[in-house]
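Written out below as structure tokens is the structure these notes cover.
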Amino acid sequence: MFFNDEQKRKVELYALIYVAVFLLPFPISLHFAELAKIGGILLWLIASVAYMVAYLRVVSELPKKDRVLVTWNQSTYLPQVIFKVAPVLIFMLVWLILSTVWY
């Protein structure tokens, strides 16, 4: 991996927070189902954008030749996988919000 230890800890912490935020609406849905649905979608959208920005901020600390490899190379490292899935999730959530507002 191209990250040093400090950068690796940052990226792993961001990934852990991202996964925790993703799981947050489920316990809330036990008591407030509608709030969990609406809030969960918005929370996931905000968390996805925030994770992408945070990940790119850490990647910007790397040398220029390593940035592309860490960002778009074939990955098995969980923070990289989450970074690659986040744009798809953002697109789906925006699509869901717009389709709900449209109808």
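The values are calculated or read from the model by the stated rules, or taken from the named source; none is laboratory data. These figures come from a predicted structure and were not determined experimentally. Accessible surface is based on the protein model in full, side chains and every heavy atom, while ligands, DNA and RNA are left aside. Shrake-Rupley method; radii C 1.70, N 1.55, O 1.52, S 1.80 Å.
Scanning the stretch 1-29 for residues that are over 12 Å from Gln80 (Cα atoms) and acidic (Asp, Glu) yields Asp5, Glu6.
Of everything in the stretch 8-32, what is among the hydrophobic types (A, V, I, L, M, F, W, C), open to solvent by 50 Å² or more (accessible area, probe 1.4 Å) and part of a helix (DSSP H, G or I)? Give them in sequence order. Within the stretch 8-32, Leu13, Leu16, Ile17, Val19, Ala20, Phe22, Leu23, Phe26, Ile28 qualify. When each of Trp95, Trp102, Trp72 is tested for being among the aromatic types (Phe, Trp, Tyr), modelled with pLDDT of 90 or more and open to solvent by 90 Å² or more (accessible area, probe 1.4 Å), the lone residue that passes is Trp95. Scanning the stretch 49-69 for residues that are open to solvent by less than 20 Å² (accessible area, probe 1.4 Å) and in a loop (DSSP other than H, G, I, E, B) yields a total of 1.
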